[in-house]
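Chemist: If you scroll down you'll find the structure; I have some questions about it.
What follows is calculated from the coordinates using simple rules that are stated; it is not laboratory data. Because the structure is a prediction, the values reported are computed rather than measured. Every residue, glycine as well, gets a Cβ built from its backbone with ideal geometry; the counts of neighbours run over all protein chains shown.
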Amino acid sequence: MAGARQIELVNGGPVLSRLVFGAWRLLDDGRPSPEDVARLIGTAADLGLTSFDHADIYGNYEVEAAFGAGLARWGGRREDIQIISKCGIMLKSANRPGNRLKFYDTGAAHIAASAERSLKNLGTDYLDLLLIHRPDPLMDADETAAALEKLVSAGKVRAVGVSNFTPAQYDLLASRLAIPLVTNQIEHSVMETSALIDGRLDHAQRLGYAPMIWSPLGGGSLFAGDGAREHRLRAALTAVAGETGANDIGAVAIAWLLRHPARLVPVLGTMKPARLATLARALDVTLDRQQWFSILEASEGHAVS
Ligand SMILES: NC(=O)c1ccc[n+]([C@@H]2O[C@H](COP(=O)([O-])OP(=O)(O)OC[C@H]3O[C@@H](n4cnc5c(N)ncnc54)[C@H](OP(=O)(O)O)[C@@H]3O)[C@@H](O)[C@H]2O)c1
């Protein structure tokens, strides 16, 4: 059984760190050197964030290779970390001159080619987890399932999942797979609570998979936003930060996610080591029901009925 700082996504399935490092913003403030990236990987791993979330498209298709260059210089062992990537979104980009517009492709040829490119760019011979990035209205579930199974049979991918799927879309793909879908990576935070009521977290709890959570701090809007909701939330989070000794509103916002019984796995987006360390303290904070509901109330702007 996974320990408190790790989590088994499904029974007998892959184990990730309870907090995951999200690599989406790696190139946002310029291009870090491979040594800088290696240091960041080391810092995250030392904090217990041993799982790293990627997608083929991050940084206009350039994050995976930048991360791979850092990984090659990092002194640790590949088997001590977990690498997640995604495929299925096609960006209109100078790096993909054939794409005339943004679209989705969950066909077998694209899945196979994208996974191969991710392996090459990351400099690894397997992905711990590959996700279909977004639901594709043209997804042929039999074809997509067969392409995913082929990657697993070949040892190139250890497990598969989805992202941004509705329960019905998840069930469709799962129904054609002989292997389990191990997660649905969805947006959820104190700033975006629809997953609490639209059935996505109920579905995860019913089937027993741990959903990965993207933009767990609202993509930073929790700190920067100037609306009434952000002001209410910062006040409520500050109060709970004082009561619990967490002393940081971001850590409380992450602890709010960790309190949910569906076993949420937040994917942290900051690139700042000090912020990662502060947010990792969320693992030591347990909110009681009234604290949890005070934050929901601040988010919604009214008490529950
Ligand atoms: N599956 C999908 O469709 C999907 C979509 C989006 C993202 N993702 C994944 O989810 C990950 C996280 O998303 P996200 O970056 O939006 O997550 P987030 O953790 O909600 O937001 C991170 C942003 O908040 C900023 N921030 C400002 N003050 C902060 C503070 N005190 N503490 C922490 N952060 C602060 C960070 O800036 P600094 O860097 O300056 O700290 C960063 O720009 C991504 O890296 C990616 O792996 C997946």
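Chemist: If we scan region 234-246, do we find a residue that is part of a loop (DSSP other than H, G, I, E, B), buried (at least 16 other Cβ atoms within 10 Å of the Cβ) and in contact with a Ser or Thr (Cβ under 8 Å, 6 or more places away or on another chain)?
Modeler: no
Chemist: Specify the residue that is nearest to the ligand (Cβ to nearest atom); the eligible residues are those in region 201-258 that are over 22 Å from the mean Cα position of the chain (by Cα) and at positive phi.
Modeler: N247
Chemist: Right, here's the next one. Only one of these is crowded, with 18+ Cβ neighbours inside 10 Å, touching a helix residue (DSSP H, G or I) at 6+ places or on another chain (Cβ under 6 Å) and more than 24 Å from W214 (Cα to Cα): L151, L173. Name it.
Modeler: Testing whether each residue is crowded, with 18+ Cβ neighbours inside 10 Å, touching a helix residue (DSSP H, G or I) at 6+ places or on another chain (Cβ under 6 Å) and more than 24 Å from W214 (Cα to Cα) leaves just L151.
Every residue, every condition in (1) of a type in the set (S, T, N, Q); (2) surrounded by fewer than 16 Cβ atoms within 10 Å (Cβ to Cβ), yes or no:
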position	(1), (2)
A4	no, yes
I7	no, no
P14	no, no
L19	no, no
L26	no, no
D29	no, yes
T43	yes, no
D46	no, yes
T50	yes, no
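Chemist: Which ones in region 115-151 are more than 15 Å from the ligand (Cβ to nearest atom) and of a type in the set (V, I, T)?
Modeler: Answer for region 115-151, where residues must be more than 15 Å from the ligand (Cβ to nearest atom) and of a type in the set (V, I, T): T124, T144.
Chemist: Still on this model: Counting only residues that are surrounded by fewer than 22 Cβ atoms within 10 Å (Cβ to Cβ) and either β-branched (V, I, T) or in a helix (DSSP H, G or I) (or both), how many does region 223-233 have?
Modeler: Residues of region 223-233 surrounded by fewer than 22 Cβ atoms within 10 Å (Cβ to Cβ): 223-232.
Imposing the further condition that a residue be either β-branched (V, I, T) or in a helix (DSSP H, G or I) (or both) reduces the set to 223-224, 228-232.
Here the count works out to 7.
Chemist: Also, quick follow-up: Would you check which residues across region 270-288 are surrounded by fewer than 22 Cβ atoms within 10 Å (Cβ to Cβ) and either closer than 15 Å to T43 by Cα or within 11 Å of the ligand (Cβ to nearest atom) (or both) and list them?
Modeler: Answer for region 270-288, where residues must be surrounded by fewer than 22 Cβ atoms within 10 Å (Cβ to Cβ) and either closer than 15 Å to T43 by Cα or within 11 Å of the ligand (Cβ to nearest atom) (or both): T270, M271, K272, P273, A274, R275, L276, A277, T278, A280, R281.
Chemist: Kindly indicate which of D28, D56 is in contact with a strand residue (DSSP E or B) (Cβ under 6 Å, 6 or more places away or on another chain), assigned to a loop (DSSP other than H, G, I, E, B), touching a residue at least 60 places away in the same chain (Cβ under 8 Å) and within 15 Å of the ligand (Cβ to nearest atom).
Modeler: D56
Chemist: Moving on. Please specify each residue of region 40-53 satisfying the condition of being touching a residue at least 12 places away in the same chain (Cβ under 8 Å) and over 18 Å from the mean Cα position of the chain (by Cα).
Modeler: G42, T43
Chemist: So which of A69, A38 ends up being part of a helix (DSSP H, G or I), over 16 Å from G269 (Cβ atoms) and touching a Pro at 6+ places or on another chain (Cβ under 8 Å)?
Modeler: A69
Chemist: For residues in region 183-197 being within 16 Å of the ligand (Cβ to nearest atom) and surrounded by fewer than 22 Cβ atoms within 10 Å (Cβ to Cβ), which is farthest from S299 (Cα to Cα)?
Modeler: Across region 183-197, the extreme among qualifying residues is E187.
Chemist: Ok, one more. Only one of these is under 22 Å from H203 (Cα atoms) and in contact (Cβ under 8 Å) with a residue 60 or more places away in the chain: T183, T166, T144. Name it.
Modeler: Values: T166 fails: in contact (Cβ under 8 Å) with a residue 60 or more places away in the chain; T144 fails: in contact (Cβ under 8 Å) with a residue 60 or more places away in the chain.
On inspection, the qualifying residue turns out to be T183.
Chemist: A follow-up question, please. Could you tell me whether any residue of region 279-298 is assigned to a helix (DSSP H, G or I) and among the β-branched types (V, I, T)?
Modeler: yes
Chemist: Kindly evaluate Q169 against the criterion of being within 16 Å of the ligand (Cβ to nearest atom), closer than 30 Å to A224 by Cα and either in a helix (DSSP H, G or I) or of a type outside the set (A, V, I, L, M, F, W, C) (or both). Before the answer, list the steps.
Modeler: Values: within 16 Å of the ligand (Cβ to nearest atom): yes; closer than 30 Å to A224 by Cα: no; either in a helix (DSSP H, G or I) or of a type outside the set (A, V, I, L, M, F, W, C) (or both): yes.
When the stated conditions are applied, Q169 does not pass them.
Chemist: Same structure, new question: From the list R73, R96, which one is of a type outside the set (G, A, S), surrounded by fewer than 20 Cβ atoms within 10 Å (Cβ to Cβ), under 12 Å from I57 (Cα atoms) and more than 16 Å from the ligand (Cβ to nearest atom)? It would help to see each step written out before you state the result.
Modeler: Values: R73 fails: under 12 Å from I57 (Cα atoms).
Of the residues listed, the single one that is of a type outside the set (G, A, S), surrounded by fewer than 20 Cβ atoms within 10 Å (Cβ to Cβ), under 12 Å from I57 (Cα atoms) and more than 16 Å from the ligand (Cβ to nearest atom) is R96.
Chemist: Further, regarding this structure: Just wondering, is there one or more residues in region 115-126 that are hydrophobic (A, V, I, L, M, F, W, C), in contact (Cβ under 8 Å) with a residue 12 or more places away in the chain and in a loop (DSSP other than H, G, I, E, B)?
Modeler: Scanning region 115-126, I find no residue that is hydrophobic (A, V, I, L, M, F, W, C), in contact (Cβ under 8 Å) with a residue 12 or more places away in the chain and in a loop (DSSP other than H, G, I, E, B), so the answer is no.
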